[in-house]
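Asker: Take this structure, written in structure tokens, and hold onto it; I'll ask about it next.
Just so it is clear, none of the values below were taken in a lab; they were calculated from the coordinates. Here the structure is a predicted model, which is why all the values come from computation and not from measurement. Please note: Cβ atoms are built from the backbone with ideal geometry, for glycine as well, and neighbour counts cover all protein chains shown.
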Amino acid sequence: MPNTLPASVDDTLDLLRRGNYVADRSLATALYLALKLRRPLFLEGEAGVGKTEIAKVLSATLGRRLLRLQCYEGLDVAAAVYEWNYARQMMEIRLAEASGDRDREALGADLFSERFLIKRPLLQALEPDPAGAPVLLIDELDRTDEPFEAYLLEILSDFQVSIPEFGTVTAPEPPIVILTSNRTREIHDALKRRCFYHWVDYPNAERERAILAVKAPNADARLAAQVVGVVQSLRGMDLYKAPGVAETLDWAQALVELNQLELEPSVINDTLGTLLKYQDDIARIQGSEAARILAQVKTELAASTAR
Amino acid sequence: MQGGLAINLMHFARALRAAGLPVGPGKLLQAVEAVEAVGIGNRADFYWALHAVFVNRRDQREVFDQAFHVFWRNPDILKRMMGLMLPTIRTESPDTQDPLSRRVADALRGTAPEAEGPEKSEIEVDAAFTVSAQERLQEKDFEKMSAAEMAEAKRMLARIALPVAEVTTRRHRPDPRGPRVDPRATLRRMLRSGGDLADLARRSRRTRPPPLVVLCDISGSMTRYSRMLLHFMHALSNDRDRVHSFVFGTRLTNITRHLRHKDVDVALDAVSAAVADWSGGTRIGTALHAFNRTWARRVLGQGAVVLLITDGLDRDAGEGLAAEAERLHKSCRRLVWLNPLLRWEGFAPKSSGIRALLPHVDDFRPVHNLNSLAGLADALNRDGPRRAESLRKWLKEAA
């Protein structure tokens, strides 16, 4: 039964696994709580650890519609919630004038009806859906400004929107809300209080290998182990931007495209751009440092297989 | 739910609150709901369920983790520990009232600190030139001020408002003379008249002040200035939103939250409690590195202006400083260096720290008296070119 909500934490883990998402138990618990108690889930973490992906996977495995609101500075109600279709309203008035047979009362009532309402993601998320309440992804909330954050409070606690000319729209069933933030700015406590919170961390080596096995099945097992080893030791270093899971996947794909079965220092140097995105970081790792890390990873892997 | 567990949850919530997490009754209800939902069969699930409810920020994880492990192994221990904490809280309470009562006492005692011989005679000389005490104070070096003058200067500092050239945002506001037509408002206006022609509604871009980031050196060589500069930073934080304040000596401390307190004495006490490296050495390169790595991406968004307040005397002799300063310069809209040493006539950019910093700043200004701070307001208001004229002379000397 793909359309029902999970009944336990293990169910939630299974559900995510069906969507090719390898989660750890802490994330599954937070997600299960959010689904069960119908409260938004607030995900924070470095870029590229798979925050947005969770919403996509949920929508696919639960068979729900995915509504995505990408936040940016200057996002306003007209772009996020609703707008009246003024052009059509004008046309309606002209048509009424031309035919000359409609009374003003009916026209007035009709002009601000649902027919002329352009629904943006937040309003769409409150509508009834035969497949069940949709998944609403509010992505990179930290990019928007404080006024919009305050506006979200009503929607996220009561799941309703007030439209002055139209009335209040209340969701028959609250949508599944996932909020993400990269922490370029601190989100206000009032908003966080209404959500379950989870910090999405970089995965450990074992889970990252599992992710690679699912997402990049073409990569040789030995190559995958080495890739994960190098990425993990890079994350322990003092870099401006440590590589995320997304970068690990990119790198593995790139190496597969280059027909590599094993990592070589020269190959690392050539493909470092898929992994690190700051020139300072690249300059630091390139060359002898890359060779040193690789040698260390290889001895560790050899030791663990010998055991 | 069994009463015992709910009561234990309540005690746990109280323990977290005592440890400084913002836990209210609403959170407790959520926690009870959450525990009911996941059940208590699995310790890990129980842990993460409570984690999802009680933890709101990443830095709270450590406190939660410790409290969880102490409490749920043996709740009695924590209760006893909290019992032990109570007397210390009681002894603390008169402490927090102390600055207030001292100020009240000061107010009752009158203007006691005035009785200082040499400073007073100086005032008389100035009076002969009919320069008012306030004007003279504006020119006076912070380093040479008496206690009473300091107090007056602090009062004047509190009134300094720093107008920073505003940046245009993506949002619009209605503006009859705006450069753009606002179709939405125009149609709405036409609707009112039943579709007849109407004036075009116009709009222009909204502006707002950019975030301001202050990085202030509090090392030994800056001692005479740092107290004054903290007053300045406090005045800034309370004057406008989006001000982020950091101090550094051998390490970097974010004092933004402490400075938000309206009462300047409480705010500065909180700062001195939070900062571990008062009046020590300076490691500018290390401090800037820490800033670039952990804070730059969080506070320099939306075109921030950075004020770097330091004398540039670096214990590490400018090692690694140039690269960090360059990165900082590249990630902000404008980097202004305020240096108290610039007041000396014979100042020459000879120290390696100063030479490393100079090429990467947009403006280089003195900061040693009230006038220089007021002049700073002008400099920030003028958006002009990234590199100011005043800098050229110093660059030439440093070369």
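Asker: Evaluate the charge dipole of the range A:205-298 about its Cα centre and quote only its size in Debye, nearest 20, assuming +1 on the Cβ of each Lys and Arg and -1 on the Cβ of each Asp and Glu.
Answerer: With Lys and Arg at +1 and Asp and Glu at -1, about 240 debye.
Asker: Something else now. Within 10 Å of each Cβ in peptide B:21-32, how many partner chain Cβ atoms are there on average? Round it to a whole number, please.
Answerer: 1
Asker: Let me ask you something else. Could you work out the percent of alpha carbon pairs in chain A separated by over 38 Å, rounded to a whole number?
Answerer: 30
Asker: Of the peptides B:33-39, B:282-288, how do they stack up when ordered by the mean number of other Cβ atoms within 10 Å, highest first?
Answerer: So the order, starting with the most tightly packed, is B:282-288, B:33-39.
Asker: So what's the gap between the Cα centers of the range B:9-72 and the range A:224-267, to the nearest angstrom?
Answerer: 36
Asker: Could you let me know the centre-to-centre spacing of the range B:170-228 and the range A:186-216, using Cα atoms, in angstrom?
Answerer: Each part reduced to its Cα centre gives a spacing of 35 Å.
Asker: Can you give me the relative contact order of the range A:205-298 as a percent, contacts being Cα pairs under 8 Å and 6 or more apart?
Answerer: Relative contact order of the range A:205-298: 32 percent.
Asker: Hey, what does the equivalent ellipsoid look like for the protein assembly as shown, semi-axes from the Cα gyration tensor as sqrt of 5 times each eigenvalue, largest first, whole Å?
Answerer: Result for the protein assembly as shown: semi-axes of 48, 38, 31 Å.
Asker: Cut-off under 14 Å on the C-alpha distance; same-chain residues fewer than 8 positions from A:K119 excluded. Which aspartates and glutamates are left, in chain and number order?
Answerer: A:D76, A:E83, A:E127
Asker: While we're looking at this one, here's another question. Can you quote the Å³ per residue value for the convex hull of the Cα atoms in the range B:298-368, rounded to an integer?
Answerer: Numbers: hull volume 6.2 nm³, N = 71.
Taking the convex hull of the Cα positions in the range B:298-368, it is 88 Å³ per residue.
Asker: Calculate the mean, over all residues of peptide A:195-203, of how many other protein chain Cβ atoms lie within 10 angstrom of the residue's Cβ. Each step should come with its number before you reach the end.
Answerer: Numbers: counts 2, 7, 9, 4, 6, 0, 2, 0, 0.
Mean partner shielding for this stretch: 3.
Asker: Using the alpha-carbon centroid of each, what span in Å lies between the range A:58-81 and the range A:110-136?
Answerer: 12
Asker: Counting other Cβ atoms within 10 Å of each Cβ, which trypsin sites (Lys or Arg not before Pro) in the range B:169-253 have at most 13 and sit in a DSSP loop?
Answerer: Filter output for the range B:169-253: B:R177.
Asker: Translational diffusion coefficient, Stokes-Einstein: compute it for the range A:1-90 using the Kirkwood radius over C-alpha pairs as Rh, at 37 °C and 0.692 mPa s, and state it as an integer in µm² s⁻¹.
Answerer: Taking Rh from Cα pairs, D becomes 216 µm²/s.
Asker: While we're on this one: Can you tell me the relative contact order of chain A? Whole percent, Cα pairs under 8 Å, sequence separation 6 or more.
Answerer: With pairs under 8 Å counted, the relative contact order is 21 percent.
Asker: Give me the mean projected area, in nm² to one decimal, of the convex hull enclosing the Cα positions of the range A:205-298.
Answerer: 5.1
Asker: Sort the range A:211-257 into rounded, prolate or oblate with this rule: let a ≥ b ≥ c be the square roots of the eigenvalues of the Cα gyration tensor; rounded if a/c is under 1.5, and if a/c is not under 1.5, prolate when a/b is larger than b/c, oblate otherwise.
Answerer: prolate
Asker: If you don't mind, there's one more thing I want to ask. Mind checking A:30-37 for the average number of partner chain beta-carbons within 10 Å of each residue's beta-carbon?
Answerer: Working: counts 7, 1, 7, 11, 2, 1, 5, 7.
Per-residue shielding by partner chains comes out at 5.
Asker: Now for a different question. Which of rounded, prolate or oblate describes the range B:212-398 when judged by the alpha-carbon gyration tensor and an a/c cut-off of 1.5? Each step should come with its number before you reach the end.
Answerer: Numbers: a/c = 1.34, a/b = 1.25, b/c = 1.07.
The shape class here is rounded.
Asker: Hey, another quick one. Counting Lys and Arg as +1 and Asp and Glu as -1, each charge on the Cβ, what is the dipole of chain A about the Cα centre in debye, to the nearest 20? If you can, show how the numbers build up before the last one.
Answerer: Values: 35 positive and 46 negative charges, 169 e Å.
It works out to roughly 820 debye.
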